[in-house]
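See structure below.
The values are calculated or read from the model by the stated rules, or taken from the named source; none is laboratory data. Model, not experiment: these values are computed from the prediction. Note that we place each Cβ from the backbone using ideal geometry, even for glycine, and neighbour counts take in every protein chain shown.
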Amino acid sequence: MKYDKNTTGAKSGNDMENDTRFGGANANRRHQGGSTLKQICPHCGAVATTRTTRTITPLFRELRFQCTNVEGDDVCGHTFVAALTIERTIVPSARPNPRINLPIAQPRTNRTALASPAG
Ligand SMILES: [Zn+2]
């Protein structure tokens, strides 16, 4: 949920320094980290953010969301639970868990993207 700059172990490879060379104002919007999911509140349409998550099985989690519309005259405050199910594999794990049995997604026709050289 919360992450600060001193957290080590982030593997994204992108440091968030005030570097706006690529993307300008949009650069910040792409950096939402991996742990904050957003949903649209079904009642008022505002953004709702995850408060807690609960792992039920390795393939199923419950996410508790809270609507961010909690101030002003038009307060919503809806809190709700959503379900997150892992449904299929796109790229197989290099360390597969034998207990996890997921169907493989149909490959797209454009598979060359995987092999494109960097640079
Ligand atoms: Zn709402």
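Here are the numbers:
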item	result
The one condition in (1) within 16 Å of the ligand (Cβ to nearest atom); (2) modelled with pLDDT under 60 that residue 51 fails to fulfil	(2)
Condition met for residue 108 (over 20 Å from residue 38 (Cβ atoms), modelled with pLDDT under 95 and in contact with a Pro (Cβ under 9 Å, 6 or more places away or on another chain))	no
Leading residue by the ranking (nearest to the ligand (Cβ to nearest atom)) among those in the stretch 34-48 that are surrounded by 13 or more Cβ atoms within 10 Å (Cβ to Cβ) and of a type in the set (Gly, Ala, Ser)	46
Single residue of the stretch 54-80 satisfying the filter (within 16 Å of the ligand (Cβ to nearest atom) and of a type in the set (D, E, K, R)) that is surrounded by the fewest Cβ atoms within 10 Å (Cβ to Cβ)	73
Some residue of the stretch 68-80 being at pLDDT 90 or above, of a type outside the set (Val, Ile, Thr) and in a strand (DSSP E or B)	yes
